[in-house]
Every structure is written in structure tokens, then in C-alpha cells.
Amino acid sequence: WGRELAAPGAYTPDCHLTHLPGFRDRAADVRAAGFDLIVFCTANDPFVVHAWGRENGVQGAIDYMASAGNFAMTNATGLTLDLDAYGMGLRTNRFALAIDDNTVTHVFIGEDSM
């Protein structure tokens, strides 16, 4: 089992102060629920995503910090969030995917707090 988690952007207030730290702090609970891989994804380029994860101390809690900068996966799955009205353009929606043997078994989409 794997779990992919996503948020609109590194260093945005909610994502930086609540989402990433919350997932980091609850990683043991996610693993106890049977997930052996945790991936956190955001719309930023891979260099920003890596630095954001390092700054937030995710090592040992989150296995991979992933970039969805070209939106290929989020566009294909309908998980792209349009924040043009806020001057932020396209972003990765807040979501969690439960993945078993390369098959998405559950999709959880967060409410937009913007």
C-alpha cells in the first residue's frame, strides 16, 4: 500500500503551516494503517519541493517529495486546482490517494480553503 498526498504549493500559508507539518507529524499513524510508502506532491518545481521538505524535516516520515509542476497526472485525473482568481494560476488540488499494487483504490479530495 502507498499513499500520495498533495497540496497546492510549497510555502503557501496553509500548506506550509498546516498541511505538510500535519502529514509529517502523522506519518506513523499512516504507516500503522498499513501504508508502507508516503509521497507528498505539490505544483512547484522539484528543487523547491525538495528544499521545502528538507526545511520541514520530513526525512524519515515522508518517503518522497514529488513535483507535479507540469500537471500531467493532476490534469489526467481531474485533480488540478485553478487559483487564477487569486493570482496563483494552476495548482495541485489538496488530495490523498490510497494506492495498492499500482491501482488507486481510494481518492480523498480536500475542501478548498482559498
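Points worth noting:
- All told, V58 falls short of being in a helix (DSSP H, G or I), buried (at least 16 other Cβ atoms within 10 Å of the Cβ) and either in contact with a strand residue (DSSP E or B) (Cβ under 9 Å, 6 or more places away or on another chain) or β-branched (V, I, T) (or both).
- Per-region count, region 26-45, residues in contact (Cβ under 8 Å) with a residue 24 or more places away in the chain and either open to solvent by less than 30 Å² (accessible area, probe 1.4 Å) or not hydrophobic (A, V, I, L, M, F, W, C) (or both): 13
- Subset of region 1-41 (residues that are in a helix (DSSP H, G or I) and closer than 19 Å to D101 by Cα): V30, R31, A32
- Candidate set: region 3-18, residues that are modelled with pLDDT of 90 or more and closer than 25 Å to A72 by Cβ; chosen: the one surrounded by the most Cβ atoms within 10 Å (Cβ to Cβ): A10
- Scanning region 96-109 for residues that are farther than 19 Å from D25 by Cβ and either among the aromatic types (F, W, Y) or open to solvent by less than 50 Å² (accessible area, probe 1.4 Å) (or both) gives L97, A98, I99.
- Scanning region 61-77 for residues that are out of contact with any Lys or Arg (no Cβ under 9 Å at 6 or more places or on another chain), open to solvent by 40 Å² or more (accessible area, probe 1.4 Å) and outside any loop (DSSP other than H, G, I, E, B) gives Y64, S67, A72, M73, N75, A76, T77.
- Residues of region 46-55 satisfying the condition of being open to solvent by 80 Å² or more (accessible area, probe 1.4 Å) and in contact (Cβ under 8 Å) with a residue 12 or more places away in the chain: H50
- Failed condition for L83, given (1) among the aliphatic types (A, V, I, L, M); (2) open to solvent by 90 Å² or more (accessible area, probe 1.4 Å); (3) over 14 Å from the mean Cα position of the chain (by Cα): (2)
The values are calculated or read from the model by the stated rules, or taken from the named source; none is laboratory data. Bear in mind the structure is a predicted one, so any value in this text is a computation, not a measurement. Counting neighbours? That spans all protein chains shown, and the Cβs are built from the backbone with ideal geometry, glycine included. Heavy atoms of the whole protein, side chains included, go into the accessibility calculation; ligands, DNA and RNA do not. Shrake-Rupley method; radii C 1.70, N 1.55, O 1.52, S 1.80 Å.
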